[in-house]
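Let me begin by presenting the structure, written as structure tokens, before commenting on it.
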Amino acid sequence: DGGITQSPKYLFRKEGQNVTLSCEQNLNHDAMYWYRQDPGQGLRLIYYSQIVNDFQKGDIAEGYSVSREKKESFPLTVTSAQKNPTAFYLCASSTWKTRGETEAFFGQGTRLTVV
Amino acid sequence: DQQVKQNSPSLSVQEGRISILNCDYTNSMFDYFLWYKKYPAEGPTFLISISSIKDKNEDGRFTVFLNKSAKHLSLHIVPSQPGDSAVYFCAASVLGSNYKLTFGKGTLLTVNP
């Protein structure tokens with residue numbers, strides 16, 4: 001069964017600690033993304049990666065880091081420099097279609113709470 | 001600077017009637033548009049898309065209309081069902097450039113029985 005797996009679903013961390021969110025896909029998609037959802041803010045792009053070993057900052061990259069060592073995996077680290085880390089984090093992946101259309105497929109999300 | 005705008009935070013309709021969700025965009029480079037549906041504590045699921053070479057795309061109860069001159073698109077759901085109650089996100093991208101999708105803030109649709 002192909003899909004995107006985010007783990008864990010709920011995560012609690014103390015303030016000042018780094019935490020890494022996992023995202024794995026077996027869809028053979030080239031691109032992967034991390035979004036953050038806050039109430040009333042919609043989905044804001046943190047980082048995205050079009051190919052292995054390459055990634056770009058999104059709109060709100062400060063305080064986050066990523067790696068893309070394998071096509072299937074795109075972990076996100078929330079560092080202590082992120083001022084408001086408590087949020088719902090969504091990972092997605094996509095690939096090109098005939099004319100270049102792309103549809104991102106999302107994981108089920110990780111709810112991070114920093115106390 | 002918000003490039004994709006959904007100006008209605010919420011919409012309430014009766015079961016069986018039409019739901020119309022609106023989306024405006026400011027970036028004239030966008031040429032591919034998507035709608036996603038999201039339930040609480042879950043990831044968004046893809047609903048329907050449209051490219052700028054078309055002005056309408058239909059899939060069952062869902063139809064998306066694109067007005068390029070007005071930089072406006074809308075999602076019509078007919079007939080609306082209680083299971084359609086969710087947050088709907090509009091997203092846009094530039095074909096062939098990169099994979100980046102820009103999302104609006106979403107509209108909460110409530111379909112009342």
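Of all residues in the stretch B:51-72, which are hydrophobic (A, V, I, L, M, F, W, C) and at pLDDT 95 or above?
B:Phe62, B:Val64, B:Phe65, B:Leu66, B:Ala70
Considering the stretch A:85-112 alone, what residues qualify as being at negative phi, modelled with pLDDT of 90 or more and either loosely packed, with under 15 Cβ neighbours inside 10 Å or not in a strand (DSSP E or B) (or both)?
Listed by number, the residues that qualify are A:Pro85, A:Thr86, A:Gly107, A:Gln108.
Does B:Leu21 satisfy the condition of being modelled with pLDDT under 95 and surrounded by 20 or more Cβ atoms within 10 Å (Cβ to Cβ)?
no
Of the residues that make up the stretch A:61-82, is at least one within 26 Å of B:Asn7 (Cβ to Cβ) and more than 13 Å from the chain's Cα centre (by Cα)?
Checked against the condition, which is being within 26 Å of B:Asn7 (Cβ to Cβ) and more than 13 Å from the chain's Cα centre (by Cα), the stretch A:61-82 yields no hits at all.
Which numbered condition in (1) touching a strand residue (DSSP E or B) at 6+ places or on another chain (Cβ under 6 Å); (2) among the hydrophobic types (A, V, I, L, M, F, W, C); (3) on the phi > 0 side of the Ramachandran plot is the only one that B:Leu109 fails?
(3)
Residues A:Ile46, A:Ile51: which one is within 11 Å of chain B (Cβ to nearest Cβ), within 28 Å of B:Ser51 (Cβ to Cβ) and among the aliphatic types (A, V, I, L, M)?
A:Ile51
Out of all the residues in the stretch A:63-84, is one or more more than 14 Å from chain B (Cβ to nearest Cβ) and of a type in the set (Phe, Trp, Tyr)?
yes
Within the stretch B:43-103, which strands (runs of 3 or more DSSP E) (wholly inside it) include 1 or more residues that are open to solvent by 40 Å² or more (accessible area, probe 1.4 Å) and farther than 30 Å from A:Tyr89 by Cβ?
So the answer is B:56-59, B:62-67, B:72-77.
Could you figure out which of (1) touching a Leu at 6+ places or on another chain (Cβ under 9 Å); (2) in contact (Cβ under 8 Å) with a residue 60 or more places away in the chain isn't true of B:Pro82?
(1)
Does the stretch A:12-25 hold any residues that are open to solvent by less than 20 Å² (accessible area, probe 1.4 Å) and farther than 15 Å from A:Ala104 by Cα, and which are they?
Passing the criteria: A:Val19, A:Leu21.
Counting only residues that are open to solvent by less than 10 Å² (accessible area, probe 1.4 Å) and in contact (Cβ under 8 Å) with a residue 24 or more places away in the chain, which one in the stretch A:26-42 is nearest to the other protein chains (Cβ to nearest Cβ)?
So the residue we want is A:Ala31.
What residue, among those in the stretch B:16-56 that are among the charged types (D, E, K, R) and touching a Ser or Thr at 6+ places or on another chain (Cβ under 6 Å), is nearest to B:Leu73 (Cα to Cα)?
The extreme case among them is B:Asp31.
The values are calculated or read from the model by the stated rules, or taken from the named source; none is laboratory data. Worth saying up front: this structure is predicted, and the values here are computed from it rather than measured. Here the Cβ is made from the backbone with ideal geometry for all residues, glycine too, and neighbour counts use every protein chain on show. Just the protein is used for accessible areas: all its heavy atoms, side chains included, with ligands, DNA and RNA removed. Shrake-Rupley method; radii C 1.70, N 1.55, O 1.52, S 1.80 Å.
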